[in-house]
Amino acid sequence: MADTPLRALVADDEEPALAELVYLLDQDPRIGPIQTASNGPEALKILQATDLDVVFCDIKMPGLDGIDLARVLSKFKSPPKIVFVTAYDEHAVAAFELDAADYVMKPVRAERLAEAVRRVTQGTPAALKSPDETDDEVISVELAGVTRFVQRSTVRYVEAQGDYARLHTGQNSHLVRIPLSTLEERWRDAGFTRIHRSTLVALAHVDEMRVDSGRCSVRVGDDWLPVSRRHTRELRDLLVRSTSLR
């Protein structure tokens with residue numbers, strides 16, 4: 001795919017955005033013929049009739065939105081790659097669960113779009129796939145129009161913030177729109193456990209456990225995290241078990 005220009009479709013219901021995206025892609029030598037669609041049903045009709053390599057797709061479109069279009073395409077025998085181009089960041093998790101190659105925020109910058117094309121031609125880290133004990137899940141984080149990928153193994157602990165979760169990785173933290181309960185269920189087999197109603201911790205990153213005046217806390221790096229009474233015994237047992245396996 002890297003040696004052959006990509007056959008592309010651009011789908012967006014806003015004409016100025018559609019024209020701008022086509023213009024930027026037309027400057028990239030990795031992109032070949034470009035077809036356009038102004039809504040989801042029109043895009044699907046083209047995709048059913050033509051073999052294409054990649055779809056640059058808005059999310060909020062009439063008739064069939066970008067997420068639903070991607071779900072339909074995932075059932076194709078040889079589905080094209082999907083790059084979402086949108087002004088809304090709240091759909092990033094759903095997008096990467098559908099194996100999107102990238103998630104680009106509007107207004108689109110030429111260098112950011114070039115990076116999306118690179119990910120299509122060369123591949124990109126699998127994001128938000130169902131993890132197992134051997135895979136290191138990757139979470140996509142969108143900040144100021146830049147998509148970064150955070151490996152689960154680098155996450156020390158997670159804090160709930162409403163419908164969001166804040167991933168703490170050493171000196172940095174990243175806010176993602178994933179409920180803490182979802183991460184708790186999905187990351188349980190990867191060594192994460194709930195220590196408080198608002199905190200999930202990676203057992204491998206717990207450096208110390210302390211009980212003072214009946215109150216338990218754990219040290220993760222430079223941070224001390226409170227452990228609720230209901231989780232104290234379970235946490236102690238898990239830490240003892242995980243230490244004996246090292």
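The values are calculated or read from the model by the stated rules, or taken from the named source; none is laboratory data. On a predicted model such as this, the values are computed, not experimentally measured, just so you know. Neighbour counts run over all protein chains shown; Cβ positions are idealised from the backbone, glycine included. Side chains included, ligands, DNA and RNA excluded: accessible areas come from the protein's heavy atoms. Shrake-Rupley method; radii C 1.70, N 1.55, O 1.52, S 1.80 Å.
In table form, for the structure just shown:
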read-out: Test: Gly32 is at pLDDT below 95, small (Gly, Ala, Ser), in contact with a strand residue (DSSP E or B) (Cβ under 7 Å, 6 or more places away or on another chain) and under 24 Å from Gln122 (Cβ atoms); value: no
read-out: The one condition in (1) at pLDDT below 85; (2) out of contact with any helix residue (DSSP H, G or I) (no Cβ under 7 Å at 6 or more places or on another chain); (3) surrounded by fewer than 14 Cβ atoms within 10 Å (Cβ to Cβ) that Ala87 fails to fulfil; value: (1)
read-out: Condition met for Leu235 (of a type in the set (A, V, I, L, M, F, W, C) and open to solvent by less than 20 Å² (accessible area, probe 1.4 Å)); value: yes
read-out: Only listed residue being of a type outside the set (Gly, Ala, Ser), over 20 Å from Arg112 (Cα atoms) and open to solvent by less than 60 Å² (accessible area, probe 1.4 Å), chosen from Asp65, Asp28, Asp53; value: Asp65
read-out: Of residues in region 145-185 being at pLDDT 90 or above and part of a loop (DSSP other than H, G, I, E, B), the one surrounded by the fewest Cβ atoms within 10 Å (Cβ to Cβ); value: Arg156
read-out: Test: residue in region 193-207 that is open to solvent by 60 Å² or more (accessible area, probe 1.4 Å), out of contact with any Pro (no Cβ under 9 Å at 6 or more places or on another chain) and not in a helix (DSSP H, G or I); value: yes
read-out: Residue within region 192-211 that is without any contact (Cβ under 8 Å) to a residue 24 or more places away in the chain and over 17 Å from Leu239 (Cα atoms) present; value: no
read-out: Odd one out for Ala70 among (1) closer than 16 Å to Arg148 by Cα; (2) surrounded by 15 or more Cβ atoms within 10 Å (Cβ to Cβ); value: (1)
read-out: Some residue of region 91-100 being farther than 20 Å from Ile139 by Cα and in contact (Cβ under 8 Å) with a residue 24 or more places away in the chain; value: no
read-out: Verdict on Ala110 being out of contact with any Cys (no Cβ under 9 Å at 6 or more places or on another chain), over 21 Å from Ser38 (Cα atoms) and surrounded by fewer than 16 Cβ atoms within 10 Å (Cβ to Cβ); value: yes
read-out: Region 208-246: number of residues that are within 22 Å of Arg152 (Cβ to Cβ) and either part of a helix (DSSP H, G or I) or at pLDDT below 90 (or both); value: 10
